Amino acid sequence: MTRRVRLGLFLLAGAGTALVLLAAFAGLPDFGARSHPYGARAVAAGLKHNTSNIVASVNFDLRALDTLGEEFVLFTAATGAVVLLRRLHDEERGEGTRHRYERDEVFETLRLASYLAMPVTVLVGAYVVAHGHLSPGGGFQGGVVMSSGVLMLYLGADVSALERLSPRRVFDVGEAVAAGMFAVVGLVGLMAGAGFLANSLPRGTMGDLLSAGTVPLLNVAVGVEVGCGIVIVLEMFLEQALLIRSLPDGDHR
Amino acid sequence: MTALLAASLLLVAVGGTAVVLTPDPRNQAVVLSMYGLLLTVMFVVLQAPDVAMAQLAVGTVVLPLLVILAIARSGGRQ
């Protein structure tokens with residue numbers, strides 16, 4: 001088949017698919033329609049557990065078992081990155097002298113901006129995690145914001161500074177412990193006789209920082225786990241891209 | 001379907017096409033970051049702030065960084 005015939009065939013098939021999709025989308029209810037069967041029940045169940053953020057209630061309370069699996073997806077991705085990007089026997093890790101920037105080699109503005117932005121970003125991420133059951137956000141969102149704050153160390157300095165100031169061991173342990181905490185909090189529900197990951201802690205008044213039972217605890221666990229996991233993955237990538245190079249032929253470590 | 005929603009959906013479509021049509025992978029990473037921002041705006045217009053926050057952090061920061069580092073590691077070869 002020549003290229004033009006292939007292109008013509010694709011345009012024909014694409015037009016047919018587009019027509020079918022448009023007809024399907026036109027039959028959907030509008031965005032923000034007043035009645036939605038699942039939405040009505042989810043909002044009622046979430047309010048009964050004194051959680052203002054219904055999305056967080058669905059994630060960590062009503063369907064917490066699904067979130068357990070999702071959290072371990074990121075954990076597995078970080079583990080896979082560590083395994084796949086490990087140093088092989090015919091590679092060595094340079095000292096990074098080629099990529100080391102002295103204090104006056106980094107742009108002043110960039111250094112100042114990252115020094116100022118890093119604590120603010122980590123604090124905003126912690127705020128998003130802590131208020132996950134009250135306002136939009138939650139464990140995953142806050143964890144990613146916190147990890148981007150830590151990576152500003154790389155922006156403001158160089159990769160060696162990032163590795164010195166945020167040692168891998170701390171993040172490895174933090175990620176594993178936080179991932180386990182999710183399951184441990186679920187066991188609290190088992191001990192109370194209500195089922196794994198049931199919301200069995202005291203619920204408090206809606207709108208308080210300490211309310212909604214297990215949802216804040218699970219938020220914190222997911223936030224720490226996601227933050228550490230993303231820092232680990234990006235540190236492995238940075239190390240691979242900047243520091244690891246192949247040994248000359250025939251050498252082995 | 002308000003005008004704001006239609007405009008944000010159109011911007012997302014244009015952004016996606018722009019990502020695909022950018023030739024060099026290094027430039028594509030930056031356009032991908034911009035596309036992530038457009039997706040965030042669309043999610044906010046659709047009143048899904050949790051999704052928008054997650055998309056903002058992941059699609060604008062983490063994903064283009066991973067792409068650029070992978071390109072740097074592979075020496076720019078395809």
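Considering only A:Leu112, A:Leu74, A:Leu201, give the residue with the highest GNM mean-square fluctuation for chain A, with springs between Cα atoms whenever their separation is below 10 Å. For chain A, modelled as a Gaussian network with Cα springs under 10 Å, the answer is A:Leu112. Here is what passes the span test in chain A: the DSSP H helices with alpha carbon length of 24 Å or more along the helix axis and a Kyte-Doolittle mean of -1.0 or above are A:3-26, A:64-84, A:108-130, A:139-156, A:168-191, A:215-242. The GNM of chain A, with springs linking C-alpha atoms under 10 angstrom apart, assigns the highest mean-square fluctuation among A:Leu123, A:Leu88, A:Leu151 to A:Leu88.
Rounded to 0.05, the FRET efficiency of the A:Glu91 and A:Arg168 pair, given R0 = 22 Å and the Cβ-Cβ distance, is 0.80.
The translational diffusion coefficient of chain A, from Stokes-Einstein at 37 °C and 0.692 mPa s with a Kirkwood hydrodynamic radius over alpha carbon pairs, comes to 151 µm²/s. All Cα-Cα distances of chain B, cut into 5 Å bins from zero to the largest, leave 3, 17, 22, 21, 16, 10, 6, 3, 1, 0 percent in each bin in turn. Using Cα pairs under 8 angstrom and six or more residues apart, how large is the relative contact order of chain A, in percent? Over chain A, the number comes to 27 percent.
Per-residue ellipticity at 222 nm from helix content only, as computed over the protein assembly as shown with -39500 (n - 2.57) for each DSSP H run of at least four residues, stands at -22500 deg cm²/dmol. Annotation: the residues B:Ile68, A:Ile232, sorted from fewest to most other C-beta atoms within 10 Å of their own C-beta, follow the order B:Ile68, A:Ile232. Counted by neighbouring Cβ atoms within 10 Å, the residues A:Glu225, A:Glu108, A:Glu163 run from fewest to most as A:Glu108, A:Glu163, A:Glu225.
Out of the chymotrypsin sites (Phe, Trp or Tyr not before Pro) in the stretch A:1-97, which ones are loop residues according to DSSP with at most 15 other C-beta atoms within 10 Å?
Details: sites: A:Phe10, A:Phe25, A:Phe31, A:Tyr38, A:Phe60, A:Phe72, A:Phe75; in loops: A:Phe31.
Answer by residue number: A:Phe31.
First check a/c for the stretch A:97-226, with a ≥ b ≥ c the square roots of the eigenvalues of its C-alpha gyration tensor; if it is under 1.5, answer rounded, and if not, answer prolate when a/b is larger than b/c or oblate otherwise. Since a/c reaches 1.5 but b/c is at least a/b, the shape of the stretch A:97-226 is classed as oblate.
When chain A is treated as a GNM, springs tying every alpha-carbon pair under 10 Å, which of A:Leu134, A:Leu116, A:Leu28 comes out with the largest mean-square fluctuation? The residue that fluctuates most here is A:Leu28.
Throughout, read-outs are computed from the coordinates displayed, never taken from laboratory work. All values derive from a computational prediction rather than experimental measurement. Positions of Cβ are generated from backbone atoms using ideal geometry, with glycine treated the same way; all protein chains shown enter the neighbour counts.
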